[in-house]
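The values are calculated or read from the model by the stated rules, or taken from the named source; none is laboratory data. Remember, predicted model here, so these are calculated numbers, not experimental data. Note that each Cβ is placed from the backbone with ideal geometry, even for glycine, and that neighbours are counted across all protein chains shown.
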Amino acid sequence: MVHYGHSNQLRQARAMGDYLIVGVHTDEEIAKHKGPPVFTQEERYKMVQAIKWVDEVVPAAPYVTTLETLDKYNCDFCVHGNDITLTVDGRDTYEEVKQAGRYRECKRTQGVSTTDLVGRMLLVTKAHHRGQEMTSECREYADSFGREVNQYKGKNYPIMNLHERTLSVLACRYVSEVVIGAPYAVTAELLDHFKVELVCHGKTEIIPDKDGSDPYQEPKRRGIFCHVDSRNNLTTDLIVQRIIKNRLAYEARNQKKEAKELAFLEAARQQGARPERERDCDL
């Protein structure tokens, strides 16, 4: 599941070289080694290509990275987070390139993982609406915008809190600037302040404001509102439905993954190495 933790790793990887090529695995490979993917491979290809630090995407990249793969795409080295990535039989997927000295590591982003995001959806918790490490003033500010979204979307939405959503949007190559804590209805003040010339909305339903009014009333009045075909029907509700459908498979995957990681860590401990446990940072 692609999230801003992956984007941050790609940002770090890009800083280590001049050109970043990202390999994205197929659904079959992920299902074999980790369990059912949340997004389809075609969705993942598009998502990764949209991350601003990515220069090129290699579809159907092998789960085990080899020297042959690096040479095929003229890569000097490969980069991965400082966590464990194991095959279905418990082998380090980067063993070959590590031994050849063509492996680099970047820091895993703390506080986010596919496991955590899936858990929020399955457990329907709202704890993520409030950041635990923020000051009281910042926490109150961020929490109010979580409640704002929750008022319109219900359930435990938004799945990510304000800061997590901001980081995710900022990583998109098509985004120049983010208005943090933007009002639900597009106001005249917002349009004038940012000198907005066009306001767009995709294919999703437009939910009325609290008073029943159209949140795009002002840009429509000015003649600057436009519907765009996002060419994608993926919504948060659909993602949650996929996860609920595969709940048992995810739980079984996590149990197997934990057993593999514990065995690997024990072997590494005996050799004097102590890598971090994997937290779903593979694409």
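Looking only at residues of the range 14-34 that are surrounded by fewer than 17 Cβ atoms within 10 Å (Cβ to Cβ) and of a type outside the set (Lys, Arg), we find that the one that is modelled with the lowest pLDDT is ALA31. When the test is whether a residue is modelled with pLDDT of 90 or more, in contact with a strand residue (DSSP E or B) (Cβ under 8 Å, 6 or more places away or on another chain) and farther than 24 Å from CYS172 by Cα, ARG44 does not pass it. Kindly list, by first and then second residue, each pair from a residue in the range 205-225 that is under 15 Å from ALA188 (Cα atoms) to a residue that is among the acidic types (Asp, Glu) and in a loop (DSSP other than H, G, I, E, B), limited to pairs with Cβ atoms under 9 Å and residues at least 6 apart or on different chains. Every condition considered, the pairs that remain are PRO215/ASP209; GLN217/ASP209; LYS220/ASP214; ILE224/GLU197. Inclusion of GLU197 among residues that are over 19 Å from PHE39 (Cα atoms), exposed (fewer than 13 other Cβ atoms within 10 Å of the Cβ) and at pLDDT 90 or above is warranted. The residue of the range 6-28 that is farthest from GLN255 (Cα to Cα), among those that are out of contact with any helix residue (DSSP H, G or I) (no Cβ under 9 Å at 6 or more places or on another chain) and part of a helix (DSSP H, G or I), is ALA15. Taking the numbered list (1) part of a loop (DSSP other than H, G, I, E, B); (2) under 21 Å from ARG165 (Cα atoms) in turn, GLY223 passes all entries but (2).
In the range 160-169, of all residues being within 12 Å of the chain's Cα centre (by Cα) and among the aliphatic types (A, V, I, L, M), the one that is nearest to MET121 (Cα to Cα) corresponds to MET160. The conditions of being crowded, with 19+ Cβ neighbours inside 10 Å and farther than 23 Å from ALA171 by Cα are not met by CYS106.
Note on the range 48-158: enclosed helices (runs of 4 or more DSSP H) holding 1 or more residues that are closer than 30 Å to ILE207 by Cα and modelled with pLDDT under 95 are 114-123, 136-153. Within this structure, HIS227 passes the test of being in contact with a His (Cβ under 8 Å, 6 or more places away or on another chain) and at pLDDT 95 or above.
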